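This report refers to the structure that appears directly beneath it.
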Amino acid sequence: MFILKREDVEISTIMHPRREQQIPILYYQGQTFRLVSVFPGNQEEEARLLWRELTDNRGKACVLLEEVERYSVWGKVRLGEQISDTGSYSNIGIVIQATMLIVQGIYVDIEDFLGAKQAKLFEKDIAAFLSKQPFNETNSSEAVKHLLNFDPLQSSNIPSWRENQITKFLEELHRLGKTYFGNTNFAHPISDKLQDMPKGERSLFLMWLSQSELSKIWN
């Protein structure tokens, strides 16, 4: 939508409605935007890819802000609308899609390298974990089978997980992967399992991952 310089906009913060956290807000010509993602100055291409992905392919109203040492992408909001629990990250659907691709990639690798029997056991382990957690509609064996086989990039029916649920799931997935493969090589580099994602969305997920506690086990 817009490519702007710092002098073109006003930036302030508001308090998150449910957490003690300040949320960055950008104002431009009477419109309000909230921070989606920040990129260092040497990642201009990644920032532009995400901005184009959100504006051209997803129809979002976004600002790409160019500063001296960084680039940032901001998505249009109304101040009266609910603020996401994901902090500065408002595209939780992209994170969920990436998570689905990761678990499906590991499932396929287990089947290819360890055999169908081990893949079935992995499916049962995933189902057992989800059944012990409040994971909404994905805690039945039928739902888990669907989760491991559907196309998250083409389907609008992705799990409606919150950020803390995604974190717990990826922690458990890493533990299971290490158990099945005997090492952590399956997790490096994780971007190999995200090749089907558009570059902008893949960059956004990897940025989210690098800023979370999960970066210690997934990279």
Go through the residues of the stretch 135-158 one by one and say whether even a single one is farther than 29 Å from E46 by Cα and of a type in the set (D, E). yes
Pairs under 6 Å by beta carbon, first residue touching a residue at least 24 places away in the same chain (Cβ under 8 Å) in the stretch 123-136, partner surrounded by 14 or more Cβ atoms within 10 Å (Cβ to Cβ) and of a type in the set (A, V, I, L, M), six or more apart or different chains? D125/L176; I126/V144
Filter the stretch 192-210 for residues that are touching a residue at least 40 places away in the same chain (Cβ under 8 Å) and not in a helix (DSSP H, G or I); which is farthest from L49 (Cα to Cα)? D196
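One line per residue, one yes/no per condition, for (1) at pLDDT 95 or above; (2) within 25 Å of S210 (Cβ to Cβ); (3) in a helix (DSSP H, G or I); (4) in contact with a His (Cβ under 8 Å, 6 or more places away or on another chain):
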{"site": "D112", "(1), (2), (3), (4)": "no, no, yes, no"}
{"site": "N149", "(1), (2), (3), (4)": "no, no, no, no"}
{"site": "N164", "(1), (2), (3), (4)": "no, yes, yes, no"}
{"site": "K168", "(1), (2), (3), (4)": "no, yes, yes, no"}
Could you run through the stretch 32-61 and say how many residues are touching a Lys or Arg at 6+ places or on another chain (Cβ under 7 Å) and either crowded, with 20+ Cβ neighbours inside 10 Å or under 12 Å from S203 (Cα atoms) (or both)? 5
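The values are calculated or read from the model by the stated rules, or taken from the named source; none is laboratory data. Note that the coordinates shown come from a computational prediction; the quantities given were computed from them, not determined experimentally. Positions of Cβ are backbone-derived with ideal geometry, glycine not excepted, and every protein chain shown enters the neighbour counts.
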